[in-house]
Amino acid sequence: MTQREDETEQREEHLLHPPRRSWAEPWKIKVVEPIKVTTREYRAKAIRDAGYNTFLLRSEDVYIDLLTDSGTSAMSDWQWAGMMQGDEAYAGSRNFYHLEDAVREYFGYKHLVPTHQGRGAEHILSQIMIEPGQHVPNNMYFTTTRFHQEYAGGIFHDVIIDEAHDPAAEHPFKGDVDLSKLETLIKEVGADNIAYVSVAATVNMAGGQPISMASIKAVRELTGEHGIHLFLDATRVVENAYFIQQREEGYADVPVEEIVRKFCSYTDGCTMSGKKDALVNIGGWLAVNDEEIFDKARNMVVVFEGLHTYGGMAGRDMEAMARGIVESVQDDYIRARVGQVEYLGDLLHQWGVPTVVPIGGHAVFLDAKQFYPHMPHDHLPAQTLAAELYIDSGVRSMERGIVSAGRDPETGDHRYPALELVRLTIPRRVYTQAHMGATAG
Ligand code: PLI
């Protein structure tokens with residue numbers, strides 16, 4: 001090769017894989033949506049009218065909406081173009097097959113059952129897999145996941161590592177399963193009485209904390225020895241894979257796309273809310289490898305969601321999700337996504353604001369107990385902080401503490417979770433760095 005050819009090749013390589021110094025977004029803005037700026041008096045009245053519950057505010061009264069990253073993503077021009085190619089046939093829509101291909105290629109599961117969103121998939125899986133009185137170990141809980149497990153008669157167990165319950169614990173994988181807790185449970189109740197093990201990546205209620213590849217592998221080995229199924233909540237598995245790439249030995253040079261596939265390969269199937277990592281405003285699925293479970297799920301989805309080739313989604317929504325999956329696993333995209341969340345976390349740390357550490361994948365979680373050290377838990381510190389934040393700044397956040405934890409079905413009393421948090425959740429591809437600055441300030 002001549003020097004000139006060599007230089008040309010190097011230049012081309014540079015264009016394909018430019019050295020990146022910042023997490024700056026690999027996209028630009030084409031359409032904008034105006035937002036309303038309000039006065040403090042206006043917001044004080046709005047939140048009073050909403051019963052001090054940020055869920056009951058009108059979105060028009062919100063300046064920066066960090067309630068959730070669920071269904072709030074901005075879609076790309078490629079996704080919108082796909083919406084125009086929606087095949088709205090009742091059965092056998094081509095968009096279903098595109099979605100099926102994407103789930104097979106990027107997650108590696110054999111069979112797909114589409115649902116209207118994540119909880120639809122949780123309902124079907126719980127109904128199929130859980131006999132009343134059986135036990136379901138989880139790495140902490142998500143509200144709808146736990147509800148569906150209990151609604152099907154399951155007994156919930158938290159087998160996450162202790163560090164997950166401590167907002168100040170600097171553990172790189174606070175979503176890890178404590179194997180000894182899981183082993184003890186299996187010994188106590190017997191493998192036959194465990195419906196399945198349910199593992200979420202990342203763990204929302206722990207602060208968006210990831211689970212390591214080593215942990216999911218170890219859980220697979222243990223459950224495999226006992227013939228227990230292992231199901232994944234894959235809602236934010238791409239963000240989880242990014243943390244594995246950044247923090248776990250041996251993955252620094254592995255593309256996120258490959259990490260996702262490997263992670264999923266340790267599980268028997270997943271429930272998915274497409275409204276998060278998959279970059280759409282609505283949609284979800286259940287994916288499984290086992291033929292028998294697939295058969296049952298395909299029969300059940302017809303009754304609760306819709307025919308097995310649409311499951312409650314329009315053809316165009318399935319197309320947008322199939323394309324969103326492809327975009328979501330690109331290294332540059334996910335780096336910018338998590339980079340923005342970390343940027344907000346760093347700004348808050350500079351101001352000395354107490355947050356859960358490390359900063360999670362989809363949100364910054366404020367430690368409400370430290371804002372109001374004298375407030376009793378049942379006076380709802382996180383709910384109070386969320387209301388005050390809104391009045392002060394127009395930023396809407398979400399309580400993730402005693403209110404979200406729900407009431408004990410037997411006693412009717414609060415569940416008193418160890419974590420009392422306010423979540424500042426960042427929608428994907430929606431807000432700018434200046435919005436993050438305004439939020440922190
Ligand atoms: O909102 P759905 O039904 O599409 O998905 C339910 C769901 C399941 N698992 C996890 C980890 C979630 O975070 C989740 C929904 N999360 C919401 C709505 C959130 O604001 O975090």
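The values are calculated or read from the model by the stated rules, or taken from the named source; none is laboratory data. All figures in this text were calculated on a predicted structure; none of them were measured in a lab. Note that each Cβ is placed from the backbone with ideal geometry, even for glycine, and that neighbours are counted across all protein chains shown. Remember, those area values only see protein heavy atoms, side chains included, never the ligands or the DNA or RNA. Shrake-Rupley method; radii C 1.70, N 1.55, O 1.52, S 1.80 Å.
Take Glu291 and Met84, extend 7 Å from each Cα along the Cα→Cβ direction, and tell me the distance between the two endpoints in nm.
With each label placed 7 Å out from Cα toward Cβ, I get 4.3 nm.
Does a label point 7 Å from the Cα of Thr411, set along Cα-to-beta-carbon, have any residues of the range 380-394 with amide nitrogen under 18 Å, and which are they?
380
Name the longest site-free stretch of the chain, where the excluded sites are trypsin sites (Lys or Arg not before Pro) in a DSSP loop with no more than 16 other beta-carbon atoms within 10 Å.
It works out to 111-414.
Taking the Cα centre of the range 286-357 as the origin, how large is its charge dipole in debye, to the nearest 20, when only Lys and Arg (+1) and Asp and Glu (-1) carry charge on their Cβ atoms?
220 debye
With unit charges on the beta carbons (Lys and Arg positive, Asp and Glu negative) and the dipole taken about the Cα centre of the chain, which residue among Gly360, Val260, Thr439 sits farthest to the positive side?
My answer, from the dipole projection, is Thr439.
Between the range 212-255 and the range 68-144, what is the C-alpha centre distance in whole Å?
After rounding, the separation between the Cα centres reads 20 Å.
Students often forget the sequence filter, so: which aspartates and glutamates lie under 13 Å Cα-Cα from Lys28 once same-chain residues fewer than 8 apart are removed?
Correct list for Lys28: Asp77.
Run down the lysines and flag those whose C-alpha is under 20 Å from the C-alpha of Lys45, throwing out any fewer than 8 positions away in its chain.
Leaving aside lysines fewer than 8 places away in the same chain, those within reach of Lys45 are Lys36.
Using the charge dipole of the chain (Lys, Arg: +1 at Cβ; Asp, Glu: -1 at Cβ; taken about the Cα centre), state which of Gly108, Gln149, Gly120 has its Cα farthest towards the positive end.
Gly120
In the chain, what percent of the accessible surface is made up of carbon and sulfur (1.4 Å probe, ligands and nucleic acids excluded)?
About 51 percent, which is the carbon plus sulfur part of the accessible surface.
Just to be sure I understand: of the beta bridges DSSP finds with both ends in the range 183-304, what percent are antiparallel, rounded to 5?
Among the beta bridges of the range 183-304, antiparallel pairing accounts for roughly 45 percent.
What is the list of residues in the range 311-352 whose amide nitrogen lies under 18 Å from a point 7 angstrom out from the Cα of Glu170, following Cα to Cβ?
Inside the label zone: 342-343, 345-352.
If we count every other residue with Cβ under 9 angstrom of Ile124's Cβ, Lys/Arg +1 and Asp/Glu -1, where does the sum land?
Neighbour charge sum, excluding Ile124 itself: -1.
So how far apart, in nm, are the two label points at Val302 and Ser59 if each is 7 Å from Cα heading toward Cβ?
According to this spin-label approximation, the distance is 3.5 nm.
What does DSSP give for the chain in terms of the percent of beta bridges that are antiparallel, rounded to the nearest 5?
Of all bridge pairs located within the chain, approximately 60 percent are antiparallel.
Could you size up the charge dipole of the chain around its Cα centre, putting +1 on the beta carbon of Lys and Arg and -1 on that of Asp and Glu, and report it in debye to the nearest 20?
1240 debye
Between beta-carbons, use under 9 Å as the cut-off and find the net charge around Val159, counting Lys and Arg +1, Asp and Glu -1.
In short, -1.
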